[in-house]
1. Pull up region 80-108, narrow it to residues that are surrounded by 16 or more Cβ atoms within 10 Å (Cβ to Cβ) and of a type outside the set (A, V, I, L, M), then point me to the one that is nearest to residue 5 (Cα to Cα).
2. Residue 14 versus (1) at pLDDT 95 or above; (2) hydrophobic (A, V, I, L, M, F, W, C); (3) out of contact with any strand residue (DSSP E or B) (no Cβ under 8 Å at 6 or more places or on another chain): which is the lone unmet condition?
3. Just the residues that are in a loop (DSSP other than H, G, I, E, B) and either on the phi < 0 side of the Ramachandran plot or free of Cβ contacts under 8 Å to residues at least 24 places away in the same chain (or both), please, taken from region 38-49.
4. Would you say residue 40 is under 17 Å from residue 92 (Cα atoms) and exposed (fewer than 14 other Cβ atoms within 10 Å of the Cβ)?
5. Could you check region 57-79 and list, in sequence order, the residues that are out of contact with any strand residue (DSSP E or B) (no Cβ under 9 Å at 6 or more places or on another chain) and surrounded by 12 or more Cβ atoms within 10 Å (Cβ to Cβ)?
6. Pairs, please: C-beta under 7 Å, at least 6 apart or cross-chain, first residue closer than 14 Å to residue 33 by Cα and in contact (Cβ under 8 Å) with a residue 40 or more places away in the chain and in region 55-74, second of a type in the set (Val, Ile, Thr) and surrounded by 13 or more Cβ atoms within 10 Å (Cβ to Cβ)?
Amino acid sequence: LTLLNAERPKVRFLNMSTDAGPLVLEVQLLGTKTTFAERAYQQVTDYTELTAGTEYTINLVNKATGANVATTVRATFVKGKLYTIWAKGLSAATLDAQKLSIQVSVQN
């Protein structure tokens, strides 16, 4: 990991869903989409710099079907911070607490 740009947050994607297959993360700001490469279970992308201080729309997409597979999340990232956006839960779950979802965690 390179030194942080104090003016920009860095974000990566981690797939922790055991049954969802390869997933793609899409982060969108004002019509501009940043797509994180597909990742299978327990795989993580490299960090990508984003713009700080503006709300992003975050979607989790099934690589095979192109369908959104989790409830859309909105997040604002702070400059100089490291974030992991991760997929958790099960695509086949029937209980809300176990369903596939998006989690945003800050590392520093």
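The values are calculated or read from the model by the stated rules, or taken from the named source; none is laboratory data. Predicted model, so just to flag it, every value in this text is computed and none were measured. Virtual Cβ from ideal backbone geometry, glycine too; neighbours counted across all protein chains shown.
1. 83
2. Checking residue 14 against (1) at pLDDT 95 or above; (2) hydrophobic (A, V, I, L, M, F, W, C); (3) out of contact with any strand residue (DSSP E or B) (no Cβ under 8 Å at 6 or more places or on another chain), the one that fails is (3).
3. 40, 41, 43, 45, 46, 47
4. For residue 40, the condition - under 17 Å from residue 92 (Cα atoms) and exposed (fewer than 14 other Cβ atoms within 10 Å of the Cβ) - is met.
5. Answer for region 57-79, where residues must be out of contact with any strand residue (DSSP E or B) (no Cβ under 9 Å at 6 or more places or on another chain) and surrounded by 12 or more Cβ atoms within 10 Å (Cβ to Cβ): just 79.
6. Note: pairs meeting the criteria are 58/27; 58/73; 58/85; 58/102; 60/69; 60/102.
Let's see how each residue does on (1) modelled with pLDDT of 95 or more; (2) under 12 Å from residue 10 (Cα atoms); (3) touching a Ser or Thr at 6+ places or on another chain (Cβ under 7 Å); (4) in a strand (DSSP E or B):
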{"position": "51", "(1), (2), (3), (4)": "no, yes, no, no"}
{"position": "59", "(1), (2), (3), (4)": "yes, no, yes, yes"}
{"position": "71", "(1), (2), (3), (4)": "no, no, yes, no"}
{"position": "74", "(1), (2), (3), (4)": "yes, no, yes, yes"}
{"position": "78", "(1), (2), (3), (4)": "yes, yes, no, no"}
{"position": "103", "(1), (2), (3), (4)": "yes, no, no, yes"}
